[in-house]
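Below is one structure; the comments refer to it alone.
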2 protein chains.
Amino acid sequence: MAKDLPVSPLAPERFPDLPPVRGVRFATAATGSRYQGRDDVMLAVLAEGTTVAGTFTRSSTRAAAVLDCEAKINGPSVGEAAILVNAGNSNAFTGRNGEEAVASIVDACAEATGIRRDRVFTASTGVIGEPLDHKKITSHLADLNASLSEDGIEAAANAIRTTDTFAKGAVRTVEIEGKTVTLTGIAKGSGMIAPDMATMLVYIFTDARIARPDLQSLVSSLTNRTFNCITVDSDTSTSDTLLVAATGASGVNVGDSLGFASALQDVMLDLAHQVVRDGEGATKFVEIHVTSAHSDAEARQIGLAIANSPLVKTAIAGEDPNWGRIVMAIGKSGAHANRDRLTIRFGNIVVAENGWVAPTYREEDGAAYMKAQDLHIAVDLGLGGGHATVWTCDLTHGYITINADYRS
Amino acid sequence: MAKDLPVSPLAPERFPDLPPVRGVRFATAATGSRYQGRDDVMLAVLAEGTTVAGTFTRSSTRAAAVLDCEAKINGPSVGEAAILVNAGNSNAFTGRNGEEAVASIVDACAEATGIRRDRVFTASTGVIGEPLDHKKITSHLADLNASLSEDGIEAAANAIRTTDTFAKGAVRTVEIEGKTVTLTGIAKGSGMIAPDMATMLVYIFTDARIARPDLQSLVSSLTNRTFNCITVDSDTSTSDTLLVAATGASGVNVGDSLGFASALQDVMLDLAHQVVRDGEGATKFVEIHVTSAHSDAEARQIGLAIANSPLVKTAIAGEDPNWGRIVMAIGKSGAHANRDRLTIRFGNIVVAENGWVAPTYREEDGAAYMKAQDLHIAVDLGLGGGHATVWTCDLTHGYITINADYRS
């Protein structure tokens, strides 16, 4: 277990001020299961009129709670709902025992809150393969339900942390029809981050009113442009879960509002970036922008090949403007590329073009650029109209220390 | 440049005794281009009657010398040939300048040796994107040709090293029709190793007599079971080149000899394993054996997903029997897998089966097993007849040090 990790140098100055969202209440508790002296369970209860949409990992060894959520997500579309999350044990690859643990937790949550079983969504994050002692969770449910509060979101963001070095939150408001709609979200994740549907655990709350199919369609589409475009270490979690709950309490219908879609995308991207900024061992935040690719899919493929390359990531860690490794990653990506049409830029510096190093490029300019904490790498393929942006961090001794010296 | 790297703890005790192969002569020289005080160019000259087969990286940004070799490999099938390799500069992504450098080197080599230009195969390995000063190489060709010797293979293996911490050689002999056929080979490579056709640079020599199409077919097929099944860091070189030269000087026809094919596979696998044992920062050699997969291709896909997972590799570095990360890697691989049919073994220890931890498994047994230097991980999918074996090393602080602190 990763104890006493220093806070990421890329962390925001502080947790943002997240206003209450009408119809959403939180509670947290400490079960003492894996972590001592801190809360490790969070309950969110959503009022009547709430619709819930979600995306989940596509891993073929996904956790019991993920399978349960997938089965429920297309169920009754409007009503009260509950989200219950524990940190420290992912209850993944725990066989029948794992399924029974989920059933017991859902039962206990339904009983304590009075919410239908098929509207109780759970998640577990932490070590894979260790049986989950569900009684340590279920014994707290009555107390959790009794302590629900509209102001508990920061405590909830803290309760779901594992190797995270800071709690992640985001907020946007949008004016629609003269009324204010609020969106808040929390996330956890810093390793095993190469989401194949969503990231580790993300919960977003809004008082907007929106039908479930519209919300699901919006969430699925935005996931592909946000959480599915980040990577810390190319490893995909067995527990990735993103849930968006819309309580409708603002009374504002947002089904076709571009303003709402844009605000939701902002919240998702804000949280996705915070996950990268808390990447295990990260010291640099890197945006990779790929343009003029054969297609959007190939642009993302190239962006992720660069973002996941250990040689690119270690060069960035060493502040080495080793653009040859970017050429290598483009070459291995499997996407269309023509050496002589490639252009590579570090920030505004043209590094390579026309099949070799740019005549104006000076190594000292590249080296100076690489000293920044936030880096922007642009790759233009010169082929078609495909583009994508992906985000990643560097690969440092800190990643090795966290993952070779602890069981996380 | 990686200076003074300690020799890999996985290195063989010493370079093997490689006997001369009739019809093959070597010479080396020091150009002083990037490395000081050591040879960095090797020339191999192959006698009349030689057939040459090869496989090359499929990277879309492959180096100028690779493109030149690809254009020649299917050319005149029998005759004298030359192989010229320089270390320190890969001449990749160097545009027209790179193509001109290859042409100049080939011309100079043809002139010095009297060998046809289309039978001169070159390769360059080292930093990507820096123009190659070809005169530093061509000025040595007359001397190289004058100093050719049947006994120079160990010097040749040393001359092609970059971040390699030891020279790599292998030998097999096989009796066919009462005569002895000899195969020797050398290789270099320790980072940017996830071959997509061959490994960094591999040269294998035999006095067997075999027609070029038969040799090419054998080499292509064996590459898929050897070099294409190793990975150090998931990054694919722009220069991967494997050449096998058969001089025919033994007078033994081996076109359909299973003994020859087996000996060639042994040499290729021996060199491939040595590349992994010199993986940058490696402290563990890991064999991953996947059985009962949906297909051979999916077995390899799962094996490589495990072998390339930073979380699996760091757990191995930390001697942590964290089998949950293997479950994660199987899950993210994209290949068919059924949680409840999976079996995972460390050596002879059954770790997980029937969808969760094996009832007989004890964490202390797993922890004791992980302390070994050579590890064997077996994954049985319980689905079909597909199987594959892949080889990798762990991911350590040493990898970060080599790649973040040096430009290699």
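Structural remarks
- Among residues of the stretch A:339-351, those that are exposed (fewer than 15 other Cβ atoms within 10 Å of the Cβ) and farther than 18 Å from B:Ala63 by Cβ, counted: 1
- Enumeration of residues in the stretch B:352-365 that are within 11 Å of chain A (Cβ to nearest Cβ) and surrounded by 15 or more Cβ atoms within 10 Å (Cβ to Cβ): B:Ala352, B:Glu353, B:Asn354, B:Gly355, B:Trp356, B:Val357, B:Ala358, B:Tyr361
- Residue check for A:Arg14: open to solvent by 30 Å² or more (accessible area, probe 1.4 Å) and within 14 Å of chain B (Cβ to nearest Cβ): no
- Any hit, the stretch B:284-305, residues being within 25 Å of the chain's Cα centre (by Cα) and free of Cβ contacts under 8 Å to residues at least 40 places away in the same chain: yes
- Among the residues of the stretch B:60-91, those identified as among the polar types (S, T, N, Q) and surrounded by 22 or more Cβ atoms within 10 Å (Cβ to Cβ) are B:Thr61, B:Asn86, B:Asn89, B:Ser90, B:Asn91.
- Applying the set (1) more than 11 Å from chain B (Cβ to nearest Cβ); (2) over 28 Å from the mean Cα position of the chain (by Cα); (3) assigned to a loop (DSSP other than H, G, I, E, B) to A:Ala368 leaves exactly one unmet item: (3).
- Evaluation of A:Asp380 against (1) touching a Ser or Thr at 6+ places or on another chain (Cβ under 8 Å); (2) open to solvent by less than 20 Å² (accessible area, probe 1.4 Å); (3) more than 10 Å from every other protein chain (Cβ to nearest Cβ) (one fails), failing number: (2)
- Of the criteria (1) more than 14 Å from chain B (Cβ to nearest Cβ); (2) under 18 Å from the mean Cα position of the chain (by Cα); (3) β-branched (Val, Ile, Thr), which one A:Thr125 fails: (1)
- Annotation: of all residues in the stretch A:39-59 being at pLDDT below 95 and over 21 Å from A:Leu183 (Cβ atoms), the one that is surrounded by the fewest Cβ atoms within 10 Å (Cβ to Cβ) is A:Arg58.
- Those helices (runs of 4 or more DSSP H) of the stretch B:272-336 in which at least 2 residues are of a type outside the set (Ser, Thr, Tyr), at the interface with chain A (Cβ under 8 Å from one of its Cβ atoms) and open to solvent by 10 Å² or more (accessible area, probe 1.4 Å), considering only elements entirely within it, cover B:310-317.
- In the stretch A:323-341, the residues that are touching a residue at least 24 places away in the same chain (Cβ under 8 Å), out of contact with any helix residue (DSSP H, G or I) (no Cβ under 7 Å at 6 or more places or on another chain) and either more than 15 Å from A:Val351 (Cα to Cα) or of a type in the set (Ser, Thr, Tyr) (or both): A:Asn338
- The stretch B:237-262, residues that are open to solvent by 10 Å² or more (accessible area, probe 1.4 Å) and either assigned to a helix (DSSP H, G or I) or more than 30 Å from B:Thr180 (Cα to Cα) (or both): B:Leu258, B:Gly259, B:Ala261, B:Ser262
- Qualifying positions in the stretch B:337-355 - over 15 Å from B:Ser292 (Cβ atoms) and in a helix (DSSP H, G or I): none
- The listed residue being within 19 Å of the chain's Cα centre (by Cα) and closer than 21 Å to A:Asp207 by Cβ, out of A:Gly54, A:Gly49: A:Gly54
- Helices (runs of 4 or more DSSP H) completely within the stretch A:91-175 that count 3 or more residues being out of contact with any helix residue (DSSP H, G or I) (no Cβ under 8 Å at 6 or more places or on another chain): A:95-113, A:153-159
- Of all residues making up the stretch B:115-134, the number that are without any contact (Cβ under 8 Å) to a residue 12 or more places away in the chain and either out of contact with any Asp or Glu (no Cβ under 8 Å at 6 or more places or on another chain) or open to solvent by less than 50 Å² (accessible area, probe 1.4 Å) (or both): 0
- Among the residues making up the stretch A:383-405, those that are of a type outside the set (D, E, K, R), facing another protein chain (nearest Cβ under 10 Å) and open to solvent by 20 Å² or more (accessible area, probe 1.4 Å) are A:His397, A:Gly398, A:Thr401.
- When the criteria are applied in full, B:Ala71 meets the requirement of being over 30 Å from B:Tyr399 (Cα atoms) and not charged (D, E, K, R).
The values are calculated or read from the model by the stated rules, or taken from the named source; none is laboratory data. As the structure is a prediction and not an experimental result, all values here were calculated from the model. Cβ: placed from backbone, ideal geometry, glycine included. Neighbour counts: every protein chain shown. Accessible surface is based on the protein model in full, side chains and every heavy atom, while ligands, DNA and RNA are left aside. Shrake-Rupley method; radii C 1.70, N 1.55, O 1.52, S 1.80 Å.
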